[in-house]
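Any read-out appearing in this document is the output of simple, stated calculations on the displayed coordinates, not a laboratory observation. Remember, it's a predicted structure, so these values are computed and weren't measured experimentally. Glycine also receives a Cβ, built like all others from the backbone with ideal geometry; neighbour counts cover every protein chain displayed.
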Amino acid sequence: MLKRLDELEREGQRELAEARDEEALQAWKVKYLGRSAELGRVLDGLRSVSKEERPALGKRSNEVKRAFETALEARLGSLASARLEHELQRERIDVTLPGRPLFRGRLHPATQTLRQILAIWAEMGFQVYRSRDVETDAYNFELLNMPAHHPARDMWDTFYTTTPGVVLRTHTSPGQIHVMRERAPEPIRVVLPGMCYRYEQVTARAEIQFNQIEGLAVGRNITFGDLKGTLTAFARRYFGHDVRTRFRAAHFPFTEPSAEMDIECFVCSGTGCPVCKHTGWLEILGSGMVHPTVLANGGYDPEEFSGFAFGMGSERISMLKHRIEDIRAFWANDLRFLEQF
Ligand code: PHE
């Protein structure tokens with residue numbers, strides 16, 4: 001009997017050492033320490049053993065039982081710490097890895113240009129005035145000296161709304177009337193940025209929507225010289241201090257006289273290239289002295305007041321500055337384009 005117990009202990013310890021997981025340990029526990037385990041049967045059978053043998057056998061059985069229990073405990077413990085170790089390895093964070101880049105938003109190139117242009121005007125004392133995108137025919141045309149059926153209306157292909165007499169502004173000039181009516185008879189120096197809409201064929205050079213920046217100065221002694229000087233100063237600040245400019249006679253119903261300003265083509269420095277269509281010059285804005293009728297419509301007596309106005313397309317200007325060849329890139333939302341700015 002004692003010999004069998006020795007054997008049992010050896011077998012048990014060997015099998016325990018081979019048990020690889022929790023499940024195997026449970027099975028082992030049933031086999032060696034469970035109700036119907038051999039060891040249990042030995043203990044149960046002690047009564048039928050002779051008095052002389054009983055103490056030694058009982059002692060030995062209990063020893064084996066305790067040895068099994070301690071060994072099992074130890075195995076369970078080492079299994080648990082192995083599992084913990086494994087988990088820790090798996091979840092380990094390498095703090096020396098380089099960080100993942102965060103995607104940062106940025107300003108749209110159209111907004112960037114708008115802000116740069118407005119900053120220059122702000123330095124020159126022009127306040128920003130916001131005007132509406134949806135206008136009446138009166139403000140967009142009539143009060144700007146273009147009565148119904150005036151042929152000059154053809155210069156602005158218009159989006160009409162379903163409400164008669166309500167249009168999407170085709171230029172920022174209607175804002176001139178709004179400011180004048182609000183400020184008369186105070187002097188005015190404002191810039192009016194905003195989206196304009198034209199019912200046109202979309203091409204590389206023309207979009208159905210674009211930002212314009214209108215400028216308006218009204219006072220008692222404003223001359224064409226002020227207009228030229230102010231716009232030239234702007235061009236120098238925006239395009240560089242040595243940029244050459246020129247004014248060409250033009251026509252707008254709401255200014256008289258009217259002029260368009262060109263800057264020297266910076267691609268060919270004036271010698272002629274495809275960008276300037278071989279003229280050496282790039283048009284950047286329309287301008288003129290505010291027409292007396294327009295001054296009167298704004299509430300200023302044209303005998304006492306004069307003023308100048310201008311309007312520039314800010315996408316056009318940023319195309320020139322950044323040499324962007326297609327205006328459609330501004331609203332196409334292609335990140336490859338937008339992320340260059
Ligand atoms: N409103 C004109 C346009 O859209 C530009 C302009 C503004 C011309 C102010 C003269 C004075 O073409």
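Could you grab the relative contact order for the chain? Cα pairs under 8 Å, six or more apart, rounded to a whole percent. Don't skip to the answer; put the middle values down first.
Working: 498 pairs, mean separation 48.4, N = 341.
With pairs under 8 Å counted, the relative contact order is 14 percent.
With contacts taken as Cα pairs under 8 Å and at least 6 residues apart, the stretch 2-90 reaches a relative contact order of 36 percent.
Want the number for Met195 to Cys268: 0.36 nm per residue separation, take away the alpha-carbon distance, what's left?
Length gained, Met195 through Cys268: 23.2 nm.
Every Cα-Cα pair in the stretch 2-90 was counted, and those over 21 Å apart are 37% of them.
Enter the angle in degrees (range 0 to 90, nearest 10) between the Cα long axis of helix 54-90 and the first principal axis of the Cα atoms of the chain, meaning the one along which they spread out most. On a 0 to 90 degree scale, this one is about 10. Counting only alpha carbon atoms, the long axis of helix 174-183 and the longest principal axis of the chain meet at about 80°. Pairs of Lys residues in the chain that lie 8 or more places apart, or on two chains, and have C-alpha atoms under 22 angstrom apart add up to 13. By the Cβ rule of 4.7 Å, the chain holds the following cysteines without a possible disulfide partner: Cys196.
Provide His149, His86, His322 in ascending order of the number of other Cβ atoms located within 10 Å of each residue's Cβ, fewest first. Write out the running numbers ahead of the final one.
Working: His149 6, His86 10, His322 13.
Ordered from fewest to most neighbouring Cβ atoms within 10 Å, His149, His86, His322 come out as His149, His86, His322.
With the helix formula -39500 (n - 2.57) applied to DSSP H stretches of n ≥ 4, the chain reaches a computed 222 nm mean residue ellipticity of -12500 deg cm²/dmol. The relative contact order of the stretch 141-284, computed from alpha carbon pairs under 8 Å that lie at least 6 residues apart in sequence, is 15 percent.
For Ser78 and Ala296, the difference between the fully extended length at 0.36 nm per residue and the C-alpha to C-alpha distance is 68.8 nm.
Taking chymotrypsin sites (Phe, Trp or Tyr not before Pro) across the stretch 238-330, none is in a DSSP loop with at most 15 further Cβ atoms lying within 10 angstrom of its Cβ.
Taken as Cα centroids, the stretch 128-142 and the stretch 70-86 sit 81 Å apart, rounded to the nearest whole angstrom. Once both labels are positioned 7 Å from their Cα atoms along Cα-to-Cβ, the gap between Thr96 and Glu303 label points is 8.8 nm. Overall dimensions of the stretch 175-297, expressed as equivalent-ellipsoid semi-axes from the Cα gyration tensor (√(5λ), whole Å, largest first), are 28, 19, 13. If the segment from Glu52 to Asp242 were pulled out straight at 0.36 nm per residue, it would be longer than the present Cα-Cα gap by 56.2 nm. Projected onto their three principal axes, the Cα atoms of the chain cover extents of 141, 49, 37 Å, largest first. Shape of the stretch 163-243 from the C-alpha gyration tensor: oblate (a/c of 1.5 or more and a/b not above b/c, with a ≥ b ≥ c the square roots of its eigenvalues). On C-alpha positions alone, give me the angle between the axis of helix 109-123 and the longest principal axis of the chain, in degrees, nearest 10. The two axes meet at around 50 degrees. Take the Cβ-Cβ distance between Asn333 and Lys31 as r, set R0 to 51 Å, and report the resulting FRET efficiency rounded to the nearest 0.05. Efficiency for this residue pair is about 0.15.
Taking the DSSP beta bridges in the chain as the whole, what percent of them are antiparallel, to the nearest 5? Mind dumping the intermediate values first?
Details: 42 of 44 bridges.
DSSP beta bridges in the chain are roughly 95 percent antiparallel.
Where the centre of each part is set by its Cα atoms, how far does the stretch 7-53 sit from the stretch 194-272, in angstrom? Here the two parts' Cα centres lie 101 Å apart.
Assuming R0 = 51 Å, can you tell me the calculated FRET efficiency for the pair Arg323 and Ala67, based on Cβ-Cβ distance, to the nearest 0.05? Please list the in-between numbers first.
Details: r = 88 Å, r/R0 = 1.72.
So, using R0 = 51 Å, E works out to roughly 0.05.
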